[in-house]
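The values are calculated or read from the model by the stated rules, or taken from the named source; none is laboratory data. If you're wondering where the values come from, they're calculated on a predicted model, not measured in any experiment. Glycine also receives a Cβ, built like all others from the backbone with ideal geometry; neighbour counts cover every protein chain displayed. The protein model used for the area step is the full one, side chains on, heavy atoms only, and it has no ligands, DNA or RNA in it. Shrake-Rupley method; radii C 1.70, N 1.55, O 1.52, S 1.80 Å.
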Amino acid sequence: MASMAILTRKWRPLSKTINSKFITTYAFLSQEAQLAEQPPSPPRASTTSLPPNPATGSPLYNENWRSPIPNISSSTSPSLIPLGFSQQHPSSRIEALSQTLDGDAIINLFADWMTSQRWPDIKQLFEFWIRSLDNNGKPNKPDVSLYNHYLRANLMMGASAGELLDFVAQMEDYKIAPNTASFNLVLKSMYQAREYDAAVKLIDRMIQTGTESKTALPDDESYHLVVRLLLTRNQIDTALKYIDLTLKSGYNLSVEVFTECVSTCVNKGRLDTLVSIIERCKKMDQNKALCPPWNLCNYIIDVAMQSDNSELAYYALEFMAKWIARGENARPPVFLSVDEGLVVNALTTAGRNYNSKLLDATWAVLKRSLRQKKVPTPESYLAKIYAYSSLGNLQKAFSTLHEFELSYKDSQKEDEDEMFSPFTSLHPLVMSCSKNGFATLDTVYYQLENLSRADPPYKSVAALNCVILGCANIWDVDRAYQTFSAMESTFELTPDIHSYNALLTAFGKLHKRDEAVGVFEHLVSLGVKPNAKTYSLLIDAHLIKRDVNAAVSTVNDMVDVGFEPTKEVLKKIRRRCVREMDDESDAKVDLFVKEFKIRMGTEARRNLLFNLEFSTEYA
C-alpha cells in the first residue's frame with residue numbers, strides 16, 4: 001500500500017491541471033490512498049514459544065516460507081499467471097507453472113511429458129514444485145509415485161547410480177519410503193554402467209528391507225536386471241541364485257533373461273546347470289512356454305550331442321518342436337524343418353546314452369518336419385535301428401527294419417544290397433540279436449516265423465540274415481545252417497548274397513574251409529553274383545587253414561571279376577606268408593600292392609611281438 005501511495009502522489013499534480021468532466025450525476029469520490037500511520041508498539045510482555053512449523057515434511061522450508069525460492073530473474077513477475085507467459089524464459093514458465101499445479105495435476109502432466117521425453121522439464125518442474133505452496137498455503141509434499149517420476153527423469157538424463165542413490169536417500173527427508181519401482185530405477189542405472197557388485201548389494205538390501213515393508217521387495221524386473229548383469233560378467237553361479245529366487249517368488253522369467261542364461265551356460269559348458277534351470281521352469285505353469293530362438297536351439301542340440309548330454313538334447317528338440325508348431329499355426333504359415341543330419345546325430349546319441357525318450361522325441365520331430373511329403377533318409381532309419389538295438393528293444397528294431405524295407409523297396413539293386421547288409425548297416429541289430437546267445441536268436445526266429453503267418457504276412461530276407469550272422473557270431477554253425485535252410489522251406493524266400501556270406505562266416509570261424517568252398521561254388525552255380533565281401537570271407541577261410549596259395553589264387557579270381565583287394569586283405573596274406581616263410585606268395589602280394597598302388601606301411605610293432613624271445617633268465 002505504501003508503494004501505491006507513492007505512485008499516486010507522483011500523478012496528483014497531473015490530475016489537477018486537466019479540467020476533465022465525467023458523464024455521471026454522482027459526486028466524484030476521491031480514491032487516493034493514504035499512508036497508514038505507524039501503530040504504537042505494544043508494551044513488551046513475557047515471551048512464549050511458537051507452535052510447531054506447519055511446513056514440516058519438506059527440508060527446503062528452513063527459510064521464510066512466504067518467499068520459498070528467490071527470483072531467478074529480476075524480470076520475473078510475482079503474479080500467479082504473469083502477463084506475457086509464453087514469452088518468458090522456459091525456467092520462468094516452469095517456475096510459474098509449478099505454483100498452479102496440485103499433486104494429481106502434476107502427475108498427469110508428467111505422464112504427457114514422458115511420452116514426448118521432456119526429461120529436463122520434468123526434473124526442473126519437480127524441483128520448483130516441491131519449493132512451492134499448495135492451496136492451503138503449506139509446502140507441496142510429493143508421494144512415492146511422483147518422486148519416482150523425478151528419479152526416472154534423472155535416469156534418462158544420464159545420472160549415475162551414485163546420484164540416484166543419493167536421491168533415494170533424500171526421500172526420507174520427505175517422509176517417503178522408497179518402493180520397488182524406486183530401486184528398479186537405480187538398478188537400471190547400475191545395469192547401464194555394468195556395476196554388478198553394487199547391483200547385488202542393492203537387491204540384497206531390497207530382500208532384507210522387504211521383510212519389513214512388502215512394497216520394497218524385488219519384483220521380476222529387479223531380478224531380471226541383476227541376472228542379466230551377472231550373466232554379462234559370466235557370474236553364472238550368482239546369477240543362478242537369483243534365478244532360483246525369481247522362480248521361488250512365483251515370477252515369470254522373461255524370454256530375454258532365459259535366452260541369455262541358455263546362451264551363457266552353453267558357451268561356458270555348464271550343460272548340467274542349464275538342464276536343471278530348464279527343468280525348474282517346466283515345473284511352473286507361467287514359465288512352461290519359454291523357448292530360446294530357433295538358431296540357438298540348433299546350437300544347443302549340437303553342443304549337447306558333442307558332449308553326449310542326452311537330457312539337454314531332448315529339451316532342445318522339444319523347443320524346436322514348439323517352434324515348428326508355432327510356425328504352422330502362424331498366418332501366413334512358416335514351415336520350419338530339422339536337418340536330417342542333426343536327426344541322425346540325435347538318434348545315435350540316444351543309442352549311446354540308452355535314452356528312449358530322446359529317441360522317440362527325435363523321430364517325432366523328424367516326422368513333423370517332413371510333413372508326410374517324403375520318407376526319411378536311409379541314414380535316419382539305420383540310426384533308429386541302431387538306437388533300438390542299443391536299448392535291447394528288438395521288437396521295435398525289427399519293426400523299423402520292416403518300415404525301412406517298405407520305404408525303399410523300389411531302390412536300385414546296388415543301393416539295396418548295401419542298405420540291408422548285416423555286415424555293415426544292420427550290424428548293430430546283429431550284435432543285439434546275439435547278445436544273450438541262442439536264447440535271443442531263437443526268440444527272434446520264432447517271432448519272425450509267427451509274423452510270416454500273420455495277415456498281412458511279414459517276410460524279410462534282411463531280418464533272417466541278421467539271425468544267420470548272429471548264429472555265426474556265437475559259433476553255432478548248426479543254427480546258422482538251419483536258419484539258412486528255413487528261408488526257402490518255411491519262409492518261401494530266396495537267399496541273397498548276404499545270406500550266403502553269413503553262412504560262409506559261420507563255416508570259416510569253425511575252420512570248415514571245405515564247407516565254405518562248397519557254399520561258394522553252390523552260389524556261383526545258382527547264378528548269384530559274389531561281391532567283394534564273399535571273396536574276402538573265402539580268403540579268410542583259406543588263411544585259417546594256412547593255405548597261402550589258395551588265398552592268393554582267390555585274390556586273382558577276385559581281380560579277374562573286377563573287384564579290388566583291400567589293404568586289410570593283402571596285409572593278412574602277407575602276414576601269413578611271413579609266418580609260413582612263403583616268399584613266392586609274398587612276391588605275388590607285392591605285385592598286387594604295386595598294381596593297385598596300396599600303401600601297406602610297416603609292421604614294426606607286430607614284428608616286435610612276433611620276434612620276442614622268451615627266457616627264464618630273470619625269473
- Task: Among the residues of segment 357-387, write down those that are over 24 Å from the mean Cα position of the chain (by Cα), touching a residue at least 40 places away in the same chain (Cβ under 8 Å), under 23 Å from residue 316 (Cβ atoms) and open to solvent by 20 Å² or more (accessible area, probe 1.4 Å).
- Result: 382, 386
- Filtering segment 320-355 for residues that are closer than 30 Å to residue 428 by Cβ and either open to solvent by 40 Å² or more (accessible area, probe 1.4 Å) or not acidic (Asp, Glu) (or both) leaves a count of 21
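Take the residues of segment 114-145 that are among the aromatic types (Phe, Trp, Tyr) and closer than 15 Å to residue 103 by Cα: which is surrounded by the fewest Cβ atoms within 10 Å (Cβ to Cβ)?
It comes out as 128.
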- Query: Does segment 291-334 hold any residues that are outside any helix (DSSP H, G or I) and either within 24 Å of residue 256 (Cα to Cα) or small (Gly, Ala, Ser) (or both), and which are they?
  - Reply: 291, 292, 293, 307, 330, 334
- Query: What's the number of the condition residue 585 fails, among (1) more than 55 Å from the chain's Cα centre (by Cα); (2) within 20 Å of residue 504 (Cβ to Cβ); (3) of a type in the set (S, T, N, Q)?
  - Reply: (2)
- Message: Looking only at residues that are among the hydrophobic types (A, V, I, L, M, F, W, C) and part of a loop (DSSP other than H, G, I, E, B) in segment 515-560, which one is farthest from residue 572 (Cα to Cα)?
- Response: 526
- Quick one: count up the residues across segment 575-589 that are in a helix (DSSP H, G or I) and out of contact with any Cys (no Cβ under 7 Å at 6 or more places or on another chain). 10
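Take the residues in segment 254-263 that are surrounded by fewer than 20 Cβ atoms within 10 Å (Cβ to Cβ) and not small (Gly, Ala, Ser); name whichever of them is nearest to residue 237 (Cα to Cα).
260
Somewhere in segment 291-302, is a residue farther than 19 Å from residue 347 by Cα and more than 11 Å from the chain's Cα centre (by Cα)?
Taking every residue of segment 291-302 in turn, none turns out to be farther than 19 Å from residue 347 by Cα and more than 11 Å from the chain's Cα centre (by Cα).
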- Message: Among the residues of segment 438-459, are any within 18 Å of residue 389 (Cα to Cα) and outside any helix (DSSP H, G or I)?
- Response: no
- Message: Given the condition in a loop (DSSP other than H, G, I, E, B), at pLDDT 90 or above and surrounded by fewer than 17 Cβ atoms within 10 Å (Cβ to Cβ), answer yes or no: does some residue in segment 270-283 qualify?
- Response: no
- In segment 460-475, anything buried (at least 17 other Cβ atoms within 10 Å of the Cβ) and assigned to a loop (DSSP other than H, G, I, E, B) is listed as 460, 474
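Residues checked against (1) at pLDDT 90 or above; (2) in contact with a Leu (Cβ under 7 Å, 6 or more places away or on another chain); (3) of a type outside the set (Val, Ile, Thr):
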site: 496; (1), (2), (3): yes, no, yes
site: 500; (1), (2), (3): yes, yes, yes
site: 505; (1), (2), (3): yes, yes, no
site: 523; (1), (2), (3): yes, no, yes
site: 529; (1), (2), (3): yes, no, yes
site: 550; (1), (2), (3): yes, no, yes
- Message: Which condition from (1) modelled with pLDDT under 90; (2) open to solvent by 50 Å² or more (accessible area, probe 1.4 Å) is the one that residue 478 breaks?
- Response: (1)
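In segment 201-228, which residue that is β-branched (Val, Ile, Thr) and open to solvent by less than 30 Å² (accessible area, probe 1.4 Å) is nearest to residue 265 (Cα to Cα)?
Ranking the candidates gives 227 first.
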- Got a sec? Which of 421, 425 is over 22 Å from residue 346 (Cα atoms), in contact with a helix residue (DSSP H, G or I) (Cβ under 7 Å, 6 or more places away or on another chain) and either among the hydroxyl-bearing types (Ser, Thr, Tyr) or open to solvent by 40 Å² or more (accessible area, probe 1.4 Å) (or both)? 421
- Matching residues in segment 477-527 - criterion: being within 55 Å of the chain's Cα centre (by Cα) and of a type in the set (Lys, Arg): 479, 509
- Could you please find all residues in segment 388-418 being open to solvent by less than 60 Å² (accessible area, probe 1.4 Å) and of a type in the set (Ser, Thr, Tyr)? 388, 389, 390, 400, 407, 408, 411
- Item | Subset tally (residues that are within 19 Å of residue 562 (Cα to Cα) and of a type outside the set (S, T, N, Q)) for segment 499-543 | 14
- By residue number, the members of segment 552-588 that are open to solvent by less than 40 Å² (accessible area, probe 1.4 Å) and under 15 Å from residue 536 (Cβ atoms) are 552, 554, 555, 558, 559, 565, 569, 570, 573
- Message: If I filter segment 508-520 for residues that are closer than 19 Å to residue 421 by Cα and surrounded by fewer than 17 Cβ atoms within 10 Å (Cβ to Cβ), do I get at least one hit?
- Response: no
- Selection from segment 239-269 of residues small (Gly, Ala, Ser) and over 17 Å from the mean Cα position of the chain (by Cα) yields 249, 250
- Note on the structure: The helices (runs of 4 or more DSSP H) lying wholly within segment 109-171 that contain at least 3 residues that are over 16 Å from residue 91 (Cα atoms) and out of contact with any Cys (no Cβ under 7 Å at 6 or more places or on another chain) are 144-156, 161-170
- Message: Of everything in segment 487-497, what is open to solvent by 10 Å² or more (accessible area, probe 1.4 Å) and in a helix (DSSP H, G or I)? Give them in sequence order.
- Response: 488, 489, 497
- Query: Within the bounds of segment 176-192, is there any residue that is under 30 Å from residue 304 (Cα atoms), in a helix (DSSP H, G or I) and open to solvent by 50 Å² or more (accessible area, probe 1.4 Å)?
  - Reply: no
- Kindly list the number of the only condition in (1) free of Cβ contacts under 8 Å to residues at least 40 places away in the same chain; (2) farther than 15 Å from residue 398 by Cβ; (3) crowded, with 23+ Cβ neighbours inside 10 Å that fails for residue 439. (3)
